[in-house]
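Okay, structure first, notes after.
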Amino acid sequence: MLQASCKEFLSKLASGDPTPGGGGASAFCAALSTALASMVANLTSGKKKYAEYQEDIERILADAQQLRLQFEELVNADARVFAPLAKAYGLPKDTPNEIALREQVMEKCLHDASAVPLEIMEKVTETIVLLEELAKKGSRMVISDVGVGATFCRSALIGASLNVYINTALMKEREYAAQLDDKVDELLGEWTQRADKVVNDVTNAVRK
């Protein structure tokens, strides 16, 4: 999906095609936030003023690169798992056998379509940890970009959560759906607050 230019990706996102959708857009937001973390780390690396953090910055660069590549793949993964679900909605339901088959297919597709946005959320927490560290150790010249990255993380978290909730609401396996919802609630509760704290800390730093 991201082999296309940004212009092509946005055009596809704006079209009537079911993919990419909100899940892919959330993963893209996460990729943007992680790329910003890399940028801040790159602009900090090698600077005498931040020499005491050089080892940490190099670790952040390595971690951020891996995370960004994973988010890029999650953009594609979300499209892959949603396409069968979109088709499943169109399965016939005129006979008992058709209804049973449709429910079976739908349930599997709903499980698959929930797994990717949940993974996006889990990976976003790793980016937030990097941004928390960069808020303290990154170059003050680009500290605002740490805050921008945190806002993208927050958007990715909330966006991905909505893509879990819409699928769990339709699941027949209510116990499993509740477990997923609880996990999403837990992630949102902790990590949106941590992203917000990064934004607030950066705002206070740049408005001195």
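Read-outs: derived from the displayed coordinates by stated rules, not from any lab. Bear in mind the structure is a predicted one, so any value in this text is a computation, not a measurement. Cβ: placed from backbone, ideal geometry, glycine included. Neighbour counts: every protein chain shown.
Points worth noting:
- Stokes-Einstein diffusion coefficient of the chain, Kirkwood radius over Cα pairs, 37 °C, 0.692 mPa s, in µm²/s: 180 µm²/s
- Arranged from fewest to most other beta-carbon atoms within 10 Å of their beta carbon, LYS7, LYS197 become LYS7, LYS197.
- Volume per residue of the C-alpha convex hull in the range 1-103, rounded to whole Å³: 106 Å³
- Sorted fewest first by neighbouring Cβ atoms within 10 angstrom, GLU72, GLU175 come out as GLU175, GLU72.
- Neighbourhood net charge (14 Å Cβ-Cβ; Lys/Arg +1, Asp/Glu -1) for ALA178: -3
- Length gained on full extension, GLU52 to ALA169, computed as 0.36 nm times the residue gap minus the Cα-Cα distance: 37.2 nm.
- Per-residue [θ]222 nm for the chain (sum of -39500 (n - 2.57) over DSSP H runs n ≥ 4, rounded to 500): -29000 deg cm²/dmol
- Sum of side-chain charges, VAL199 neighbourhood, beta-carbon under 14 Å (Lys, Arg +1; Asp, Glu -1): 0
- Local net charge near VAL116, Cβ-Cβ under 12 Å (Lys/Arg +1, Asp/Glu -1): -3
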